[in-house]
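Written below as structure tokens is the structure these notes are about.
Any read-out appearing in this document is the output of simple, stated calculations on the displayed coordinates, not a laboratory observation. All values derive from a computational prediction rather than experimental measurement. Cβ placement follows ideal geometry from the backbone for every residue including glycine, while neighbour counts extend to all protein chains displayed.
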């Protein structure tokens, strides 16, 4: 599993505070490159994204099975329900990921990520300025940014995001109208020093391909949470992904 986030104090040149009251940098000031904090969690391997399920018992059961299968990181990606309902769900999921020592990243909702003390947040094109989000969450937390099929957007995230997401790399049942991202993007981004996550249509038949192309992690929803046995599906996916990662280091 991944190490816990560091709790390093930050400088406070203008009196701003991060989400748990630490001093942080002004939004217009470039942050220290995220990869310079050796104690921050590293997103690598199998990254499970929760289904959009607002039923507490159902969601926590599915998350428990993914954790049992050995998922490396989890994203809370519930979009339905009220803010209060999502908060209750997120707190319950956080208890499970904390017990398993697995980083929890919150999709879109920066304030929710701060409130539940998540390991990080993932934002898309419409979820705010990444520099402002970085200032809000602090340098000690993970920031992921969706870059779709846009290498120049990814380039602009250098020194701001810990990782960028490209996708859909394959046809996605979750977002059938999503733009397609060629696998060549991963090698190009890696050459810039960017960590990358592949998303979109990834399952046990193709999970190794983005890793072989240069991705550090793959994000999966349906092949885990729509499986007859989510724990087994997770274990099989993790084995495939980590075998591919090991081969890229050989």
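Here the label points at residue 129 and residue 152, each 7 Å from Cα along the C-beta direction, are separated by 2.0 nm in the simple model. Taking every C-alpha pair closer than 8 Å and separated by at least 6 residues, the mean separation divided by the residue count of the range 37-249 gives a relative contact order of 21 percent.
Subtracting the Cα-Cα distance of residue 82 and residue 191 from their residue separation scaled by 0.36 nm leaves 35.1 nm. What the pair-distance distribution of the range 151-196 shows, using all Cα-Cα distances binned every 10 Å from zero, is 28, 48, 23, 1 percent.
If I histogram all Cα-Cα distances within the range 196-235 using bins 10 Å wide from 0, what percent of pairs lands in each bin? For the range 196-235, the binned pair fractions read 32, 52, 16, 0 percent.
Stretching the chain fully between residue 239 and residue 205 yields a gain of 11.0 nm (0.36 nm per residue, less the alpha carbon separation).
Overall size of the range 43-144 from C-alpha positions, given as principal axis extents largest first: 35, 31, 21 Å. Translational diffusion of the range 37-249 was estimated from the Stokes-Einstein equation, with Rh taken as the Kirkwood radius over Cα pairs; at 20 °C and 1.002 mPa s the coefficient is 126 µm²/s. Spatially, the range 50-73 and the range 112-168 are offset by 23 Å when compared through their Cα centroids.
Computed over the range 79-125, the percent of Cα pairs more than 15 Å apart is 39.
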